1. Got a sec? Which of Lys105, Lys167 is without any contact (Cβ under 8 Å) to a residue 12 or more places away in the chain and assigned to a loop (DSSP other than H, G, I, E, B)?
2. May I ask you to say which residue of Val215, Val185, Val203 is at pLDDT 90 or above and closer than 23 Å to Ala19 by Cα?
3. Can you work out which of the residues in the range 74-124 that are of a type outside the set (Gly, Ala, Ser), in contact with a strand residue (DSSP E or B) (Cβ under 8 Å, 6 or more places away or on another chain) and under 21 Å from Leu180 (Cα atoms) is least open to solvent (accessible area, probe 1.4 Å)?
4. Does Gly210 qualify as being open to solvent by less than 70 Å² (accessible area, probe 1.4 Å) and on the phi > 0 side of the Ramachandran plot?
5. Are any of the residues in the range 224-243 outside any helix (DSSP H, G or I) and either open to solvent by less than 10 Å² (accessible area, probe 1.4 Å) or closer than 15 Å to Leu172 by Cα (or both)?
6. Determine if the range 32-44 includes at least one residue that is crowded, with 17+ Cβ neighbours inside 10 Å, in contact with a Phe, Trp or Tyr (Cβ under 8 Å, 6 or more places away or on another chain) and at positive phi.
7. What is the one condition in (1) touching a strand residue (DSSP E or B) at 6+ places or on another chain (Cβ under 8 Å); (2) crowded, with 18+ Cβ neighbours inside 10 Å; (3) without any contact (Cβ under 8 Å) to a residue 24 or more places away in the chain that Val10 does not satisfy?
8. Inside the range 1-62, counting only strands (runs of 3 or more DSSP E) that do not spill past its ends, which hold 1 or more residues that are polar (S, T, N, Q)?
Amino acid sequence: MKNIVRAVNVNKYFGNFHALKDVNLEVNFGEVMCILGPSGSGKSTFLRCINQLETLDSGNIWVDDELVGHRVSGNKIYPLTEKQIARQRLHTGMVFQRFNLFPHKTALENILEGPCNVQLRSKEEVTEEAMDLLDRVALAHKAHEYPQNLSGGQQQRVAIARALAMKPKLMLFDEPTSALDPEMVGEVLGVMRTLAKEGTTMVVVTHEMGFAREVANKIVFMDEGQIVEQGAPEEILFNPSNPRMQNFISAILI
C-alpha cells in the first residue's frame, strides 16, 4: 500500500528540550492512525512538523512523495520559500484543539476563506460546495451564524468543514475534542467516524480510547519524544508489550 506520509529519523528541539527523538513512521493512503501518549510526549509536535508549522532540526518527512520544506536538485537540497511551503501545505488539512475560526466571519464565510483567497476559486462555485460540507457536519442551518453564537462542538465541526473545503489528501487532528464539554465530544467524533468510513486519510492525536479502538487502522504510542509501540488497535490496546504503554492504558481505563 502506498504511503502518503513517511518520516525518517525526525528530530526536533525546543532549546535544550529534545521534543522528537529519531521518529520513524509511515501513514498509508486511506488509513486512520491514532497517536496516543501522555502530555509532552511529542504527539502534537509531530503533527505540526508534518504540516510545517514547526521546522525539523534533523531527519526528513515526505508528504505524497514531496520532501517537506525542501526541494532536491541534483545532489543538493535547498529550503523552500514561504510561498512554496504554503503550496505544500495544501496537501493537508489540520484541525486544532482550539477552533481558530475567524470571529468576524459567519460559518459559511469561514469555509469560503481558503478556497476563494488561497486557491482563487470563484465564490459561486465554492459556496455550493461549502453548503454541502456544512450539511455533512449537520450545520447547514447555522451557515450564517457567527462563531460566538455556536457551541464549542458546532465550532469544531465548522473547523472540520473548513479544512475539508481545501480538498486535502490528508487530515490532521490535534486533540480535536480536548477543549469541548463532554456532551459535545460525541458530535465531533461522529463527524470523524463518518470521514473514516468514507476513506479519508487521517492522523489523529487523541485521548479518546473508544474512538481509537473503533476507527483506527493503526495506533502509535509515543512517550518522551519517541515511538514506543505501534500496531493494530486490538494488539496495542488489549495486549501492549511495552510496560510504559501498559501503565498508560491502565491509567486511562481507571
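The values are calculated or read from the model by the stated rules, or taken from the named source; none is laboratory data. Note that this is a predicted model, so its numbers are computed, not measured. Backbone-built Cβ (ideal geometry, glycine too); neighbour counts: all protein chains shown. The area values use the complete protein model at the heavy-atom level, side chains included, leaving out ligands, DNA and RNA. Shrake-Rupley method; radii C 1.70, N 1.55, O 1.52, S 1.80 Å.
1. On the way: Lys105 fails: without any contact (Cβ under 8 Å) to a residue 12 or more places away in the chain.
Matching residue, one of Lys105, Lys167: Lys167.
2. Details: Val215 fails: closer than 23 Å to Ala19 by Cα; Val185 fails: closer than 23 Å to Ala19 by Cα.
That would be Val203, the only listed residue that is at pLDDT 90 or above and closer than 23 Å to Ala19 by Cα.
3. First pass over the range 74-124, keeping only residues of a type outside the set (Gly, Ala, Ser): 75-85, 87-92, 94-106, 108-113, 115-121, 123-124.
Imposing the further condition that a residue be in contact with a strand residue (DSSP E or B) (Cβ under 8 Å, 6 or more places away or on another chain) reduces the set to 77-80, 84, 88, 91-92, 94-97.
Filter once more, so that each one left must be under 21 Å from Leu180 (Cα atoms): 94-97.
Details: Met94: 23, Val95: 1, Phe96: 54, Gln97: 68 Å².
The extreme case among them is Val95.
4. Details: open to solvent by less than 70 Å² (accessible area, probe 1.4 Å): yes; on the phi > 0 side of the Ramachandran plot: no.
Judged against the criteria, Gly210 is not a match.
5. Here is the first cut: in the range 224-243, the residues outside any helix (DSSP H, G or I) are 224-232, 239-242.
The next check asks that each one be either open to solvent by less than 10 Å² (accessible area, probe 1.4 Å) or closer than 15 Å to Leu172 by Cα (or both); those that pass are 225.
For the range 224-243, residues outside any helix (DSSP H, G or I) and either open to solvent by less than 10 Å² (accessible area, probe 1.4 Å) or closer than 15 Å to Leu172 by Cα (or both): present.
6. yes
7. Going through the list (1) touching a strand residue (DSSP E or B) at 6+ places or on another chain (Cβ under 8 Å); (2) crowded, with 18+ Cβ neighbours inside 10 Å; (3) without any contact (Cβ under 8 Å) to a residue 24 or more places away in the chain, Val10 breaks only (3).
8. Details: elements: 3-14, 17-28, 32-36.
So the answer is 3-14, 17-28.
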